[in-house]
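The values are calculated or read from the model by the stated rules, or taken from the named source; none is laboratory data. The structure presented is a predicted model; accordingly, all values stated were derived computationally and were not measured. Using ideal geometry, Cβ is built from the backbone for each residue, glycine included, and neighbour counts are taken over all protein chains shown. The accessibility values were calculated without ligands, DNA or RNA, using every heavy atom of the protein model including side chains. Shrake-Rupley method; radii C 1.70, N 1.55, O 1.52, S 1.80 Å.
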Amino acid sequence: MKKLITLLFAISLMGCSSDDGNNHVDNGNNAGNGNANLRATGASAEELLRSAEYDQLEIEVIYINGARPETETLVNLRTFLQERLNKPDGITIIERNITDSTGENYTIEEIDDLEQANRTSFTRDNTIAVSIIVADKPNERDEGNSVVLGTAYRNTSLVIYQSTIERFSGGLNQPSRVNLETTVYNHEFTHLMGLVNLGTPLQSQHEDADNENHCDVQGCLMFFEINGGNVLNMMNMSSIPQLDAQCLADLRANGGR
Ligand SMILES: [Zn+2]
Ligand SMILES: [Zn+2]
């Protein structure tokens with residue numbers, strides 16, 4: 001885990017920060033796919049986008065203590081992935097529940113430990129597998145209205161902070177639950193596809209100079225917004241942000257659709 005890509009929600013604005021401070025196992029021993037799921041975020045971009053090595057995708061969604069998104073959110077994620085990834089044999093979503101009673105919040109290391117202890121779907125044969133942990137408690141880095149909604153912490157590993165998404169959606173002057181969830185799931189999964197400049201090469205210069213691995217096009221799904229005004233539009237989110245032309249061009253050039 002070379003890089004943490006995190007979706008933050010800060011005082012009526014939304015964005016992401018990456019964090020190089022965490023280094024996990026990355027020993028490069030891929031014999032028998034034994035460590036195929038222990039590489040850095042973005043390292044599986046080509047494997048996800050192309051069909052050459054893997055022509056199906058299996059997503060294991062692991063709910064902690066019953067925390068789960070709206071059904072429509074997973075439908076939206078699957079549709080989004082079908083439009084971007086070359087997986088002719090299909091995209092399957094498996095849902096499981098686990099229990100965990102530790103602490104009031106999670107560090108990314110604790111999330112990682114839970115994944116290692118509970119993940120059952122691994123990349124094999126013609127199938128690439130992705131794990132999504134859905135946490136019932138917030139990330140320990142949350143402060144006030146600056147909160148972490150999700151993190152892409154390895155090549156096939158995501159965590160989504162469900163209780164935090166629920167705090168910031170579905171109410172008055174908040175985005176709908178499904179719209180915020182779908183935005184977070186799609187955004188984090190797109191980091192696994194190597195955006196922006198995270199394993200999928202840039203076809204044009206659109207990486208945000210101030211927020212690495214994000215797009216500088218306002219309104220793009222991969223945009224990191226740091227200044228007020230425009231974000232409010234994003235946060236009202238009457239529609240789900242889409243990838244802009246430059247992000248799409250990067251994905252297509254790296255074998256995506
Ligand atoms: Zn991000
Ligand atoms: Zn973009």
Notebook entry, point to check: Do we have any residue at all in region 217-226 that's modelled with pLDDT under 90 and part of a strand (DSSP E or B)?
Noted result: yes
Next item on the list: Being within 16 Å of ligand 1 (Cβ to nearest atom) and open to solvent by 20 Å² or more (accessible area, probe 1.4 Å) narrows it down to one of 212, 140, so name that one.
Entry: 212
Notebook entry, point to check: Looking at residue 121, is it in a loop (DSSP other than H, G, I, E, B), open to solvent by 20 Å² or more (accessible area, probe 1.4 Å) and among the hydroxyl-bearing types (Ser, Thr, Tyr)?
Noted result: no
Check: Can you tell me which of 10, 45 is modelled with pLDDT of 95 or more and within 16 Å of ligand 1 (Cβ to nearest atom)?
Finding: 45
Checklist line | Top-ranked residue of region 143-194 - restricted to ones that are assigned to a helix (DSSP H, G or I) and away from ligand 1 (no atom under 16 Å from the Cβ), ranked as least open to solvent (accessible area, probe 1.4 Å) | finding: 162
Next item on the list: Answer yes or no as to whether residue 76 is closer than 21 Å to residue 193 by Cβ and part of a helix (DSSP H, G or I).
Entry: yes
Check: Is it the case that region 197-206 has a residue that's more than 16 Å from ligand 2 (Cβ to nearest atom), touching a residue at least 40 places away in the same chain (Cβ under 8 Å) and open to solvent by 10 Å² or more (accessible area, probe 1.4 Å)?
Finding: no
